[in-house]
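> My questions all concern the structure below.
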Amino acid sequence: MSDFAFNIPKNNFQDWQLELAETLLKNFNIDDHNLVDILHDFQATFGYIDKTLIPLLAKFFNLSNAEVHGVVSFYHDFRSTKPASYVLKICQAESCQAMGSELLTTELKTALDIDFHETNIAADITLEPVYCLGNCSCSPNLMINSQIISRLNSGKLKLILQNLKAAQND
């Protein structure tokens with residue numbers, strides 16, 4: 001087996017600070033950016049969309065708080081809580097299901113003792129579903145942070161979890 005799971009960098013998000021958010025927002029030009037672009041940028045910085053960001057963005061875009069909240073809640077990629085250092089997204093699309101992702105999903109949930117959209121604090125792992133990683137020919141697929149692991153099987157999954165848990169002890 002390869003040591004691919006050792007080479008996956010941890011998420012390194014900044015702690016939420018309203019002052020930093022206000023400073024970051026000054027870097028955007030409303031003519032060049034849209035709400036979704038800016039939300040992605042803030043999530044890349046902080047790991048999630050803090051509820052105190054919503055009125056700030058509403059004012060910036062001259063929208064209501066409800067309109068901004070609607071965009072945040074509509075797109076499944078936007079989080080309202082900070083994720084763990086490792087976010088595991090296991091594909092639930094048809095191709096991956098046909099190749100065993102449902103069983104692997106059950107194994108993941110059992111091993112981590114969490115469900116989708118939850119975090120195992122001790123392992124520092126958040127588990128999320130994803131509905132296609134665009135790598136169907138190599139199903140089933142798992143994404144760890146931004147790295148895709150293809151042709152996932154039980155053995156690989158166990159090795160990945162061991163490596164990620166061991167990384168927490170380093």
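The values are calculated or read from the model by the stated rules, or taken from the named source; none is laboratory data. Treat the numbers as computed from the prediction; the structure is a model and nothing was measured. Reconstructed Cβ throughout: ideal geometry from the backbone, glycine too, with neighbour counts over all protein chains shown.
> For the range 76-126, how many residues are in a loop (DSSP other than H, G, I, E, B) and of a type in the set (A, V, I, L, M, F, W, C)?
Taking the range 76-126 as the starting set, the residues that turn out to be in a loop (DSSP other than H, G, I, E, B) are 76-85, 92-93, 99-100, 113-117, 121-124.
Remaining after also requiring of a type in the set (A, V, I, L, M, F, W, C): 78, 84, 93, 99, 114, 116, 121-123.
So the count comes out to 9.
> Right, another one. Mind checking which residues of the range 3-44 are more than 30 Å from residue 160 (Cα to Cα) and in a loop (DSSP other than H, G, I, E, B)? Break it down into steps so the answer makes sense when it comes.
Step one: filter the range 3-44 for residues more than 30 Å from residue 160 (Cα to Cα), giving 17-39.
17, 26, 27, 28, 29, 30, 31, 32, 33, 34, listed by residue number.
> So is residue 160 more than 19 Å from residue 12 (Cα to Cα), β-branched (Val, Ile, Thr) and assigned to a loop (DSSP other than H, G, I, E, B) or not? Walk me through how you get there before you give the answer.
Working: more than 19 Å from residue 12 (Cα to Cα): yes; β-branched (Val, Ile, Thr): yes; assigned to a loop (DSSP other than H, G, I, E, B): no.
No; evaluated as a whole, the condition is false for this residue.
> Residue 110 is checked against (1) among the hydroxyl-bearing types (Ser, Thr, Tyr); (2) outside the structural domain of residue 33 (by TED's automatic domain parsing); (3) touching a helix residue (DSSP H, G or I) at 6+ places or on another chain (Cβ under 9 Å) and fails just one. What number does that condition carry?
(3)
> Scan (1) at pLDDT 95 or above; (2) of a type in the set (D, E, K, R); (3) farther than 17 Å from residue 47 by Cβ for the single condition residue 89 breaks and write down its number.
The one condition residue 89 does not meet is (3).
> Search the range 127-144 for residues that are in the same structural domain as residue 116 (by TED's automatic domain parsing) and in a loop (DSSP other than H, G, I, E, B) and pair each with any residue that is β-branched (Val, Ile, Thr) and buried (at least 17 other Cβ atoms within 10 Å of the Cβ) when their beta-carbon atoms are under 7 Å apart and the residues are at least 6 apart or on different chains.
141/149
> Do you know which residues across the range 20-44 are of a type in the set (Asp, Glu) and either loosely packed, with under 15 Cβ neighbours inside 10 Å or under 17 Å from residue 69 (Cβ atoms) (or both)?
So the first thing to find is which residues in the range 20-44 are of a type in the set (Asp, Glu), and the list is 22, 31-32, 37, 41.
Matches in the range 20-44: 22, 31, 32, 37.
> For the range 57-72, enumerate the residues that are surrounded by fewer than 17 Cβ atoms within 10 Å (Cβ to Cβ) and closer than 14 Å to residue 22 by Cβ.
Correct list: 59 only.
Yes/no matrix, rows are residues, columns are (1) at pLDDT below 90; (2) within 19 Å of the chain's Cα centre (by Cα); (3) in the same structural domain as residue 126 (by TED's automatic domain parsing):
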residue	(1), (2), (3)
1	yes, no, no
5	yes, yes, no
22	no, no, no
28	no, no, no
33	yes, no, no
45	no, yes, no
58	no, no, no
66	no, no, no
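> Look through 89, 51 and report the one residue that is of a type in the set (D, E, K, R) and crowded, with 18+ Cβ neighbours inside 10 Å.
Unique residue meeting the criteria: 89.
> Here is a list of conditions, (1) in the same structural domain as residue 49 (by TED's automatic domain parsing); (2) surrounded by 14 or more Cβ atoms within 10 Å (Cβ to Cβ), and residue 95 meets all of them except one; can you say which number that is?
(1) is the only condition that residue 95 fails.
> Condition first: under 17 Å from residue 163 (Cα atoms) and surrounded by 13 or more Cβ atoms within 10 Å (Cβ to Cβ). Now tell me which residues in the range 120-133 satisfy that. Step through it out loud before you land on a result.
Quick first cut of the range 120-133, residues under 17 Å from residue 163 (Cα atoms) only: 120-127.
Across the range 120-133, the qualifying residues are 120, 123, 124, 125, 126, 127.
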